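Have a look at the structure below, then the notes.
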Amino acid sequence: MEPRTQAYYDPATWTVSYIVFDEPGGCCAIIDPVLDYDAKSGRIHTFSADKLIAFIREQRLSVEWILETHAHADHLSSADYLKSQLGGKTGIGDQIPAVQKTFKKIFNLGDEFIPDGHHFDHLFADGETFQVGKLTAKAIAVSGHTPADLAYQFDDAIFVGDTLFMPDVGTARADFPGGNAHQLFKSIQRLLAFPATTRLYMCHDYPPAARPAKWESTVAQQHTHNIHIHNGIDEDTFVSMRNQRDATLEMPNLLLPSLQVNIRAGKLPPPEANGVTYFKIPINLL
């Protein structure tokens with residue numbers, strides 16, 4: 001059954017969130033939802049998530065899954081808020097404990113944070129299939145950006161997370177803890193081995209000034225036009241380009257607060273004795 005897709009682009013974080021559903025009145029999955037965060041004031045809002053809720057209620061959909069392609073470093077996840085409002089189960093790749101262990105050390109999290117992935121309702125193995133109403137979905141491991149990245153396939157549509165961008169933007173960085181440009185190349189080749197007409201849905205777009213934001217391409221378009229990994233680019237050439245480019249990139253604006261939420265499946269850190277929740281900012285560490 002061909003999936004129906006509703007996309008929401010957040011220009012503040014260049015993130016695209018998706019609702020994938022079988023039919024009106026049926027079932028849906030939410031992919032990579034955004035929780036709005038004002039870093040200047042430390043205030044959290046749910047404007048972006050509420051747009052998803054409005055569409056889901058308008059279409060009379062039942063939420064079965066709230067899916068993360070990885071533990072994002074550029075936006076906070078609203079998975080926990082959406083689960084409280086709509087139900088559903090949270091899911092991410094089964095390599096997430098490796099990411100949790102890394103950031104437990106970086107943020108010096110206490111014994112109450114156990115990096116075993118239990119914060120999520122389900123950890124998907126590579127190749128695992130699952131249902132969203134009448135739709136059959138498949139998890140595809142695409143590590144490289146982080147060790148735990150997943151893509152989600154629904155028939156001829158694949159939600160690629162942070163692997164590929166639109167062809168004129170290229171590919172994701174691979175310099176975060178546990179990232180690996182060689183592995184990213186191999187993961188992208190897994191995606192580009194699908195039939196030429198397969199639709200690829202991006203997690204981000206950083207559009208050049210000459211065009212509006214876009215988030216859908218095809219395998220054929222990536223093969224022909226991707227500026228980093230088009231036909232003829234071998235692994236060594238890609239890795240050299242990726243490593244040199246990554247060395248020039250700044251850290252994402254919301255990396256430090258994002259990871260503290262996203263390794264907890266969208267939950268905020270536990271409040272301290274005064275009832276206030278805080279984000280930690282490690283100094284001279286990253």
>> Could you work out how much longer the chain between Ala247 and Ile233 gets when fully extended? Use 0.36 nm per residue separation minus the Cα distance between them, nm to one decimal.
In response: 3.0 nm
>> How large a share of the accessible area of region 1-99, in percent, is made up of carbon and sulfur atoms when the probe is 1.4 Å and the other protein chains stay in place?
In response: 47
>> Give me the 1.4 Å probe accessible area per residue for region 100-150, excluding ligands and nucleic acids, in Å².
In response: 44
> Could the peptides 109-118, 75-84 be put in order, highest first, of the mean number of other beta-carbon atoms found within 10 Å of their residues?
Replying inline: 75-84, 109-118
> Picking from Arg57, Arg245, Arg211, which is most flexible by a Gaussian network model of the chain using Cα springs under 10 Å?
Replying inline: Arg211
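When you count, for each residue, the other Cβ atoms within 10 Å and take the mean per peptide, how do 202-209, 17-24 rank with the highest first?
Working: 202-209: 17.6, 17-24: 21.1.
The peptides rank, most packed first, as 17-24, 202-209.
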> What share of the DSSP beta bridges in the chain is antiparallel, in percent to the nearest 5?
Replying inline: 70
> Residues in region 24-56 near a label at Lys134, defined as backbone nitrogen under 11 Å from the 7 Å Cα→Cβ point?
Replying inline: 24-27
> In percent, what relative contact order does the chain have, based on Cα pairs under 8 Å that are 6 or more apart in sequence?
Replying inline: 18
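Pop the C-beta distance of Ala39 and Tyr278 into the FRET formula with R0 = 22 Å and round what comes out to the nearest 0.05. The partial results should precede the final answer.
Details: r = 14 Å, r/R0 = 0.62.
Efficiency for this residue pair is about 0.95.
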>> Can you tell me which aspartates and glutamates have their Cα less than 18 Å from the Cα of Lys134? Leave out same-chain residues fewer than eight positions away.
In response: Glu2, Asp22, Glu23, Glu64, Asp155, Asp156
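Quick check on the chain: helices-only [θ] at 222 nm, where DSSP H runs of length 4 and up contribute -39,500 (n - 2.57) each and the sum goes over total residues. Nearest 500, please.
Details: 7 runs with 70 residues, N = 286.
The helix contribution divided over the chain gives -7000 deg cm²/dmol.
Using Cα-Cα distances under 8 Å and only pairs 6 or more residues apart, what relative contact order does region 196-286 have, in percent?
15
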> Do any of Lys40/Lys267; Lys89/Lys138; Lys186/Lys214; Lys51/Lys89; Lys40/Lys104; Lys214/Lys267 go past 27 Å between their Cα atoms, and which?
Replying inline: Lys214/Lys267
> Where the centre of each part is set by its Cα atoms, how far does region 167-211 sit from region 1-77, in angstrom?
Replying inline: 20
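The values are calculated or read from the model by the stated rules, or taken from the named source; none is laboratory data. Not measured: the values here are computed from a predicted model. Quick reminder, even Gly has a Cβ in these numbers, built from the backbone with ideal geometry, and neighbours come from all protein chains shown. Just so you know, the surface numbers come from the protein's heavy atoms only, side chains and all, with ligands and any DNA or RNA stripped out. Shrake-Rupley method; radii C 1.70, N 1.55, O 1.52, S 1.80 Å.
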